1. Taking residue 20, is it in contact (Cβ under 8 Å) with a residue 12 or more places away in the chain and crowded, with 18+ Cβ neighbours inside 10 Å?
2. Look at residue 25 and say whether it is buried (at least 17 other Cβ atoms within 10 Å of the Cβ), in contact with a helix residue (DSSP H, G or I) (Cβ under 9 Å, 6 or more places away or on another chain) and assigned to a helix (DSSP H, G or I).
3. What are the residues in segment 63-105 that are part of a loop (DSSP other than H, G, I, E, B), under 16 Å from the mean Cα position of the chain (by Cα) and without any contact (Cβ under 8 Å) to a residue 40 or more places away in the chain, if any?
4. I need every pair where a residue in segment 28-50 that is within 14 Å of residue 61 (Cα to Cα) has its Cβ under 6 Å from the Cβ of a residue that is outside any strand (DSSP E or B) and at pLDDT below 90, sequence separation at least 6 or different chains.
């Protein structure tokens, strides 16, 4: 979360849980809510962290976001973006890749 804050995002919530799953981070930038899926893999041997956000995982994130918006109606008039933060390597010196707008709800639901 600190990395995203240094990039200008404001944290709203973390680990939001509902019946569809969990949202790792909910951040805000101006008039946009950013739902962030955080993935860590020590090595990219099997494709790296970002590739683990499958279509099925995306659907769970989107449905969970719909639940979040029902619980926090004040957020309904803001745009929503889905980002992935992929972390790899040793945690002492990680490599962080921030994939902005990694996927969208269009065509999924």
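1. No; evaluated as a whole, the condition is false for this residue.
2. Criteria not met by residue 25.
3. 104
4. 37/53; 39/49; 39/52
The values are calculated or read from the model by the stated rules, or taken from the named source; none is laboratory data. Owing to the predicted nature of the structure, the values given are computational and were not obtained by experimental measurement. Note that we place each Cβ from the backbone using ideal geometry, even for glycine, and neighbour counts take in every protein chain shown.
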